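Read the structure below first, then the notes.
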Amino acid sequence: MKRRVFCLFVFTFLCSAQIQTITANRLRAHVKFLASDLLEGRGVGARGGDLACGYIAAQLELAGAKPAGENGSYFQEFPLVGVSTRPEAHLSALGHGKKASFHWLADFVGCSQRQRTLDSFDAEAVFVGHGIVAPEFQWDDFKGVDVRGKVLIFLTNEPPSTDERFFAGRALTYYGRWTYKFEEALRKGAVAALIIHTTPTAGYGWNVVCNSWGREQLQNKLQKGQPALAFAGWLSEQAGERLLAIAGKTVDKLEAMANSPQFRPIPLGVRLHGRFSATVRDVQTRNVAGLIPGSDPLLQSEAVIFSAHWDHFGIGQPVNGDRIYNGAVDNATGCAMLMEIARAWASLEQKPRLSALFLAVSAEESGLLGSQYYAAHPLFPLNKTAAAFNFDAFYPFGLTADVLVTGAERTTLWPLVKEAAKRMELKIAPDPRPEQGSYFRSDHFSFAKVGIPSFSIQMGEKFVAKPDGYGRQVFEEYNTRHYHQPSDEYHADWDFSGMIRLARFGFLLGVNTANLERLPAWQEEGEFLGLRVRNRVR
């Protein structure tokens, strides 16, 4: 153990000069270009997205990274299907002698997952609470009730708890994510699924839902005969109240019932009718991959992954006359850090033992589709991938004093994380909003699901020489006014010092990981441990 620590210290000293080359001017130049109107919001399957991929590939090549994609290129191509629900989408409810109609964007958003130009349903609505089946928590919202062919109505999130042994306490588990709810609806044979949105439980406003779901939805291409929902979408809180009022119920009363383990599905006595026309198109997109080989010839098939998503929302609904969703913070910042870490890594005179794969993934905003594709079609064997460090959305508003590495404590990398934080004069902060389930909302989760120790490196809320509460104020302002909005734009007065510190932290952590004598693993209590154990090679 002492020998390992000494070797890491020596290597850290030798690479300190490269760390210093990660500077504000370099980060600024990348962010300014990737977030410019020229790239039109970096839409997947659009001109701006192609330009972003070309730029990132060129920067990786300039840095000295070798092409790691297909056919000797920097690209990993894969197909998607884009489904755009038309504004004339119709949704109505009838029951108990009452009727209600719901309007596109104002009341509901979503799309058919059957990838058809016209789809519809007419079926009974059943309220299923949080819609969770979690045997490890002795929780089953369905209780064996047959909901095949029904429209399932869900609440956001999961049952509240302060006990970490039950649904991880305040921290949201995957059971609370919207992706899980639609997956469970399909497993149960439902025809459609609708989630009632509230801002406190979702962690973002209805405007964010509209901007995300009121536009083209990218989906993995269905195989012949593969089942899918006729509609997967959201109701605004007000629309949810109108729907439940037909059945003489309210969101608050049903939520109180749904938070009990004795909850059973409640037929609402309401039929929901939906009819949706859509534009459906094939979309070809790509991940960008550059490789810097390791120094150990016996370990050429082993690698550390650095990832960031390059996509944003392209051109969409105008807000204050602006239709370009530039995505400066989300995620031109992460891409800039990825490219600069690659450049610094390539300039190391003595490379780490393992290779480094720099991966800019597509379609994160559509449900982590690019990283999911990589996990299913890895360029390096999953069982020989040491770790994956992800970079997503950084606030260029000053020098950060702390770092978030949610999930790192569940891996054997934890001592290295603490060591790198100490060297970069960073405190490791707890997740300030565990109820929002950030661990399941970025690309590292796709890698974790196939067993790779993975987490995102993110800014905390403490800023040097800033008053208490400044970080929270910055987050709340961005989350409320700019997240998934056209106003997420580059500004010339941005302070990149915090991004510099976190990029250097990620670089140092990656170097030390790539020099470990044994591949990292998940701790015994983690749900991803079994995947790693089954695939372990050394």
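Annotation: of all residues in segment 353-362 being buried (at least 24 other Cβ atoms within 10 Å of the Cβ) and not in a strand (DSSP E or B), the one that is nearest to the chain's Cα centre (by Cα) is Ser362. Residues in segment 47-94 that are under 27 Å from Ala376 (Cα atoms) and part of a strand (DSSP E or B): Lys66, Pro67, Phe75, Gln76, Glu77, Phe78, Pro79, Leu80, Val81, Gly82, Val83, Ser84. Residues that are closer than 19 Å to Asp322 by Cβ, modelled with pLDDT under 95 and over 19 Å from the mean Cα position of the chain (by Cα) within segment 466-505 comprise Glu477, Arg481, listed in sequence order. The strands (runs of 3 or more DSSP E) found entirely in segment 189-235 include none that carry 2 or more residues being closer than 25 Å to Ala93 by Cβ, assigned by TED's automatic domain parsing to the domain that holds Trp178 and polar (S, T, N, Q). When segment 229-246 is limited to residues that are of a type in the set (A, V, I, L, M) and within 24 Å of the chain's Cα centre (by Cα), the one that is farthest from Glu184 (Cα to Cα) turns out to be Leu235. Exactly one residue out of Thr201, Thr162 is farther than 19 Å from Phe445 by Cβ, modelled with pLDDT under 95, touching a Ser or Thr at 6+ places or on another chain (Cβ under 6 Å) and surrounded by fewer than 21 Cβ atoms within 10 Å (Cβ to Cβ), and it is Thr201.
Any residue at all in segment 494-503 that is hydroxyl-bearing (Ser, Thr, Tyr) and over 30 Å from Ser355 (Cα atoms)?
no
Considering Ala375, Ala289, the condition of being closer than 20 Å to Ala58 by Cα and either assigned to a strand (DSSP E or B) or modelled with pLDDT of 95 or more (or both) is satisfied by Ala289 alone. Within segment 38-70, if we keep just the residues that are more than 24 Å from the chain's Cα centre (by Cα) and acidic (Asp, Glu), the residue that is surrounded by the fewest Cβ atoms within 10 Å (Cβ to Cβ) turns out to be Glu61.
Which residue is nearest to the chain's Cα centre (by Cα), if the candidates are limited to segment 411-461 and must be of a type in the set (Lys, Arg) and under 28 Å from Glu365 (Cβ atoms)?
My answer is Arg441.
Quick check on segment 512-522. Is at least one of its residues in the same structural domain as Ile305 (by TED's automatic domain parsing), more than 23 Å from Gly41 (Cα to Cα) and surrounded by fewer than 14 Cβ atoms within 10 Å (Cβ to Cβ)? Scanning segment 512-522, I find at least one residue that is in the same structural domain as Ile305 (by TED's automatic domain parsing), more than 23 Å from Gly41 (Cα to Cα) and surrounded by fewer than 14 Cβ atoms within 10 Å (Cβ to Cβ), so the answer is yes. Contact annotation: residue pairs with Cβ atoms under 7 Å, 6 or more positions apart or on different chains, pairing a residue in segment 462-482 that is assigned by TED's automatic domain parsing to the domain that holds Phe394 with a partner that is in a helix (DSSP H, G or I) and of a type in the set (A, V, I, L, M), are Tyr478/Val329. Taken as a whole, the structure places Val511 among residues that are farther than 18 Å from Gly407 by Cβ, of a type in the set (A, V, I, L, M, F, W, C) and at pLDDT 95 or above. For Arg114, work out the one condition from (1) among the basic types (Lys, Arg); (2) closer than 30 Å to Asp282 by Cα; (3) more than 26 Å from the chain's Cα centre (by Cα) it doesn't fulfil. Of (1) among the basic types (Lys, Arg); (2) closer than 30 Å to Asp282 by Cα; (3) more than 26 Å from the chain's Cα centre (by Cα), only one is false for Arg114: (3).
Arg271 meets the conditions (1) in the same structural domain as Gly144 (by TED's automatic domain parsing); (2) crowded, with 22+ Cβ neighbours inside 10 Å in every case but one. The failed one is (2).
Right, Asp311: assigned to a loop (DSSP other than H, G, I, E, B) and under 22 Å from Ala503 (Cα atoms) or not? Judged against the criteria, Asp311 is a match.
The values are calculated or read from the model by the stated rules, or taken from the named source; none is laboratory data. Just so it is clear, the model here is predicted, and its values are computed rather than measured. Every residue, glycine among them, receives a Cβ derived from its backbone with ideal geometry; neighbour counts consider all protein chains shown.
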